[in-house]
Structures are given as C-alpha cells and as structure tokens.
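The values are calculated or read from the model by the stated rules, or taken from the named source; none is laboratory data. Please read all numbers here as calculations on a predicted model, not as lab measurements. Quick reminder, even Gly has a Cβ in these numbers, built from the backbone with ideal geometry, and neighbours come from all protein chains shown. Heavy atoms of the whole protein, side chains included, go into the accessibility calculation; ligands, DNA and RNA do not. Shrake-Rupley method; radii C 1.70, N 1.55, O 1.52, S 1.80 Å.
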Amino acid sequence: MPNIFKKMKPLSILSLVLALLPAQSGWAQSSMSLNPGTFKVLKVPKITGGITFDGKPDEAAWQSVGHLPMTMFTPVYGDQPTEKSIVKIAYDEDFFYVSGFLNCQRPENIRAVGKKRDYSTMSSDYFGFILDTYNDNENAVSFHTNPNGIRCDATVKNDAVDLNSDLSSSWNTFWDVKTSISNKGWSTEFRIPFSSLRFQNIQKKTKMGLLVMRYCAAKNEISIWPAIPSDFTVPYWKPSLCCEIEFEGLKPEKPLYVTPYLTAGNSQTSELNQPGTGYVMPSTPKFDAGLDVKYSLTNNLTADLTVNTDFAQVEADEQRINLTRYSLYFPEKRPFFLEKADVFDFSFLEGENLFYSRRIGLYDRNPVRIYGGLRTTGRIGEWDVGVLDMQTKAFRENPGENFGAMRFKRKVFNPNSFVGGMLTSRLGTVGSYNVAYGLDGLFRVTGNE
C-alpha cells in the first residue's frame with residue numbers, strides 16, 4: 001500500500017481529506033449521488049441554517065444534499081469500498097461544511113489513536129480532504145480528523161511532487177470538527193470559515209478543487225473521491241487531481257488577528273562579594289513584549305506584521321544526524337513565515353533554494369533578535385505575489401541586517417506550467433550586502449512529462 005501518511009514526530013502532518021460515514025438503518029440519508037463524471041464543475045449546494053454542529057449530520061438541512069460516491073484506492077484499485085461512506089458537502093454565508101457517516105460493520109475495528117493536534121499515525125482511522133482554494137492545480141490546504149475528533153491541518157505545494165518538502169503540518173488556521181462514535185461506525189462534521197481561506201471571487205463565483213479520502217486502519221483500506229488514477233505514488237495529495245467545485249455569492253471578509261505576548265522573569269547568580277568574605281545574589285530582572293498582526297487586505301491577499309518577534313512557542317525540529325559536509329535544510333515552522341510559503345519557493349536541483357527563511361533570526365546556531373518585519377502574500381489577478389522585509393539586531397561580530405524578498409509567478413500555456421522571477425537582498429548596517437535575482441519556469445510538455 002502507498003504510504004498515505006507521512007510519519008513524523010507527535011505534532012506532525014498527516015493526510016488530507018474528507019469523507020463521512022456510511023448510511024445504514026437508523027441513519028436517514030439522501031440516496032442521490034453526485035458523480036463527477038456527469039458534470040464538469042460540481043456546484044456546492046447552499047444551505048440556510050438548521051445544522052447543529054455536533055458531529056452527527058442527521059439534520060433536515062443535510063437530507064436534500066447529495067452524497068459523493070467513494071471509490072476504493074487500495075488495496076484493490078477501482079473496487080467498491082468494503083465499508084460504506086456517506087460524504088456530503090455544503091456551505092452557507094460563513095462556512096464550508098463537510099459531513100459524513102463512516103460505516104464500520106464491526107465497530108470494534110474502529111481505531112482512534114491520539115488527541116493532540118496534528119498527531120498522525122497509520123494505527124488510526126482518518127477522514128479528511130484537500131482543498132485547492134485558488135484552483136491552481138498546484139497548492140492546497142488539508143483538513144482531516146480521526147474518530148477522537150483531533151484537528152490536523154497542513155499545506156500542500158508544488159502539486160506534492162516531493163512529500164519530504166511539499167507537505168507542511170506547521171501551518172494552522174481557525175476551523176472546527178466534531179465526531180461521534182456509535183455501534184454502526186463513526187460520523188463527523190467539518191466547519192471551515194471562509195475567512196480562514198484565501199480564494200478568488202470572479203463575477204460572484206468562486207472555484208476551488210476538492211479531493212476527499214478515508215482510511216480504515218484495521219483493513220488498511222483507502223477510499224477516495226473523485227476516482228483519481230493510480231499513476232502516482234500518493235495521488236490523493238495532488239491538487240491537480242482534485243474535482244473542481246463552485247460556490248456562488250461568497251462574500252469575502254477581512255479578518256484582523258492580533259497576537260500580543262508578554263514575558264517577564266528574574267535571575268539570580270551567587271557571586272563573591274568585593275572583600276571576598278562572603279557571597280551575594282544580585283537580581284537581574286528581565287522583561288519583553290511584542291506583537292503579531294495578520295490582516296486580510298483582500299479575500300486573496302494577506303499582510304503579516306511582527307514587532308519584536310518571539311518564536312519561543314514554535315515546535316522544535318526533529319533531530320538529524322548529518323554525515324556530510326553540507327548543511328541540513330530544516331522546514332520552516334514559525335507561523336509568521338507559513339502563510340502561502342510556496343510563493344517564495346525558487347528551487348534548484350537537490351533541494352537548493354534561492355530564498356531560505358530559516359536564515360532570518362539565526363547566526364552561528366544562535367538566535368538573533370528580530371526587531372520586526374512585514375510580509376504580504378497572495379494573488380493579484382493572474383499573478384502569485386510575495387513581498388517580505390525584516391530587520392534583525394546586531395549579534396556579536398555580525399551586524400544588524402535587513403532581509404528582503406520579492407517574488408512573482410503566474411501560469412502559462414496550461415494549468416501545470418508557470419514562469420516567474422525573484423529578487424532577494426541581505427543588507428548589513430556596516431555596508432555589507434548580498435543581492436540575488438533570477439527568472440524561473442516549469443513547463444509540462446505532454447501528459448505527466
């Protein structure tokens with residue numbers, strides 16, 4: 001079986017996905033099936049109220065919504081799943097909903113391991129989806145859960161060409177999920193605020209891509225929607241294989257998130273007094289404060305502002321042993337740098353990149369104070385845009401530095417080809433500088449080549 005879940009440390013990334021439990025006696029569900037083969041774009045039904053967000057999609061509002069027909073991906077590609085899943089999607093003015101009844105003929109086979117956010121293990125059942133919010137066949141966000149109702153969210157970039165670098169579970173946003181376990185299986189409801197997503201609204205219509213997946217640990221079985229080909233190792237991570245869905249009348253919001261922090265402490269050190277007759281313990285008080293601000297300039301353009309940045313709460317890196325003479329590249333986990341981080345990707349062969357944000361705030365393996373910075377990412381028309389500017393404090397012999405990056409890219413010829421350009425700068429307060437720029441492109445000539 002292909003490795004659907006990338007095994008990582010306890011706070012890790014996982015899958016994608018959305019599917020909900022099968023209908024059986026006691027679970028009244030619509031029998032209407034939404035088959036992607038009968039339409040080019042699936043129009044998501046809009047509902048008005050009547051949903052009690054409790055993990056049990058049994059309200060009248062769900063009855064008129066058709067379900068998505070799931071297909072087995074493994075172990076036997078193309079077969080009907082051995083466990084039935086009734087998965088539905090809908091939306092209202094504020095939220096995108098995904099619900100499902102996930103049948104289990106033998107309830108004792110339900111596997112529910114972990115309750116920590118982003119925890120992933122193939123010993124647990126999972127259900128979730130990836131959502132290509134820009135419908136660009138390249139980038140997506142994923143949401144999934146297990147029977148315990150854990151929240152796992154991640155980002156996908158570069159059409160998941162390299163699972164080691166193109167998936168990141170460090171990204172978190174605001175959303176909710178509820179689950180319920182019964183003697184027929186388990187069920188779930190996802191509620192994703194549109195204010196947490198970045199998308200384009202053209203002529204009052206919004207198109208995205210959706211791919212849903214369910215994993216049964218006891219049977220090592222994966223079922224998916226739509227019925228994507230098995231040409232790739234892990235196709236259920238690829239935004240280019242999503243089914244196109246359409247919303248009408250979305251009203252983009254411009255949320256403002258403010259995250260202040262305050263730290264204080266006191267340290268004492270035992271020191272010999274001046275006459276040398278005894279010891280004293282002078283106190284050294286410490287105080288620090290800072291602020292992070294996120295604001296949606298438009299529905300697809302976000303600005304991040306940081307002042308006196310503090311990254312103390314960021315998850316630690318996995319330990320690695322390096323037997324080469326080359327530096328290791330660790331993934332970025334600081335929230336300030338994660339919003340649409342794929343925009344700043346200007347990669348060469350063997351994982352090299354023109355811009356590596358982990359260099360900001362680090363010198364000779366020591367943290368360096370970041371006075372502040374501004375970062376704007378999103379899309380303007382057909383262009384993906386990223387602009388960043390940050391100022392750091394002097395540290396030892398290293399002067400204070402200003403880091404800048406500007407990135408533009410857009411699709412050409414077909415949905416899987418793009419051209420772009422990037423400019424980076426690193427300017428020291430003592431006159432030192434390093435400026436680099438370049439043009440890049442990726443072109444799909446025919447098929448998957």
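For a 22 Å ceiling on Cα separation, which of these pairs sit above it: 46/205; 340/411; 46/84; 157/251; 157/207; 43/88? Each step should come with its number before you reach the end.
Details: 46/205 13 Å; 340/411 17 Å; 46/84 25 Å; 157/251 26 Å; 157/207 18 Å; 43/88 12 Å.
Checking Cα-Cα distances, 46/84; 157/251 exceed 22 Å.
Restricting the range 34-94 to GluC sites (Glu not before Pro) that sit in a DSSP loop and have at most 14 other Cβ atoms within 10 Å of their own Cβ leaves 93. Note on the range 35-140: Cα Rg divided by 2.2 N^0.38 Å, N the number of residues, gives 1.22.
Simple spin-label estimate for residue 423 and residue 80 gives 6.1 nm between the two label positions (7 Å along the Cα-to-Cβ direction from each Cα).
I'd like to check one number: the per residue accessible area of the range 286-330, probe 1.4 Å, reported in Å² as a whole number. Please list the in-between numbers first.
Numbers: 3070 Å² over 45 residues.
Value returned for the range 286-330: 68 Å² of accessible area per residue.
Relative to the current alpha-carbon distance between residue 123 and residue 365, full extension at 0.36 nm per residue lengthens the span by 83.5 nm.
Say R0 is 56 Å: what FRET efficiency, to the nearest 0.05, do residue 389 and residue 218 get from their beta-carbon distance? Kindly include the intermediate steps, with their values, before the conclusion.
Values: r = 51 Å, r/R0 = 0.92.
The pair residue 389/residue 218 has a calculated efficiency of 0.60.
Can you give me the % of accessible surface on the range 90-206 that is carbon or sulfur? Probe 1.4 Å, all protein chains present, nothing else counted. Show your work: numbers first, answer last.
On the way: 1860 of 4230 Å².
It is 44 percent, rounded to a whole number.
Extension gain for residue 353 to residue 41 (0.36 nm times residue separation, less C-alpha to C-alpha distance): 108.7 nm. Taking the empirical scaling 2.2 N^0.38 Å for compact globular proteins as reference, the range 235-287 has a Cα radius of gyration ratio of 2.99.
The value of relative contact order for the range 51-161, using C-alpha pairs under 8 Å at least six residues apart, is 16 percent. Computed from point charges on the beta carbon alone (+1 for Lys and Arg, -1 for Asp and Glu), the dipole magnitude for the range 400-449 about its Cα centre is near 180 Debye. Note on the chain: dipole from Cβ charges, positive end direction compared against 355, 99, 143; the farthest Cα belongs to 99. Here residue 56 is the anchor, and the aspartates and glutamates within straight C-alpha reach of less than 15 Å, apart from those fewer than 8 places off in the same chain, are 176, 189.
Could you check what % of the DSSP bridge pairs in the chain are antiparallel, to the nearest 5? Walk me through the numbers before you get to the answer.
Numbers: 131 of 136 bridges.
The antiparallel proportion sits near 95 percent.
Ranking 426, 379 from most to least accessible surface, computed with a 1.4 Å probe over the protein chains only, gives 426, 379. Within the accessible area of the range 313-386, the carbon and sulfur atoms contribute 53%, probe 1.4 Å, all protein chains present.
Taking the Cα centre of the range 81-234 as origin, work out the dipole magnitude from +1 charges on Lys and Arg Cβ and -1 charges on Asp and Glu Cβ, in debye rounded to 20.
Values: 18 positive and 18 negative charges, 106 e Å.
For this selection, approximately 520 debye.
The candidate values were (1) 23.3, 82; (2) 20.1, 61; (3) 24.4, 92; the one computed from these coordinates for Rg and Dmax of the Cα atoms in Å carries the label (3).
Comparing mean-square fluctuations of 348, 336, 174 from a GNM of the chain with C-alpha springs under 10 Å, the top value falls on 348.
The residue list 124, 110, 405 was ranked by how far each Cα lies along the charge dipole of the chain toward its positive end, using unit charges on Cβ atoms, and 110 comes out on top. Ellipsoid fit via the Cα gyration tensor, the range 107-209: semi-axes of 27, 17, 11 Å, each the root of five times an eigenvalue, largest first.
Provide the FRET efficiency to the nearest 0.05 for the residue 329-residue 92 pair, computing r from the beta carbons and using R0 = 56 Å.
Numbers: r = 42 Å, r/R0 = 0.75.
Approximately 0.85, to the nearest 0.05.
For a paramagnetic label modelled at 7 Å from the Cα of residue 174 toward its Cβ, which residues of the range 139-168 fall within the zone defined by backbone nitrogen distances under 20 Å? Hits in the range 139-168 for residue 174 at 20 Å: 141-144, 151-155. What is the distance in Å between the Cα centroid of the range 71-142 and that of the range 307-347? Centre-to-centre distance over Cα atoms comes out at 28 Å. Between residue 261 and residue 183, the distance separating the two model label sites (each 7 Å from Cα on the Cα→Cβ line) works out to 5.1 nm. With all protein chains kept in place, the per residue accessible area of the range 385-437 amounts to 53 square angstrom at a probe of 1.4 angstrom. A dipole drawn for the chain from +1 and -1 charges on Cβ atoms has a positive end, and of 296, 326, 57 the residue lying farthest that way is 57.
Taking all protein chains together, 287, 247, 443, 395 sort by accessible area into 287, 443, 395, 247, largest first [probe 1.4 Å].
Express the accessible area of the range 52-164 per residue in Å², computed with a 1.4 Å probe while the remaining protein chains stay in the model. Mind dumping the intermediate values first?
Values: 4020 Å² over 113 residues.
On a per-residue basis, 36 Å².
Applying Stokes-Einstein at 25 °C and 0.890 mPa s to the Kirkwood radius of the range 205-330, computed over alpha-carbon pairs, gives a translational diffusion coefficient of 111 µm² s⁻¹. For the chain, the Cβ-based charge dipole about the Cα centre amounts to some 220 debye (Lys, Arg positive; Asp, Glu negative; other atoms uncharged). Using the Cβ-Cβ distance between residue 413 and residue 271 with R0 = 41 Å, the FRET efficiency computed as 1/(1 + (r/R0)^6) comes to roughly 0.05. Per-residue extension of 0.36 nm, minus the Cα-Cα distance of residue 246 and residue 308, leaves a gain of 18.2 nm for this segment.
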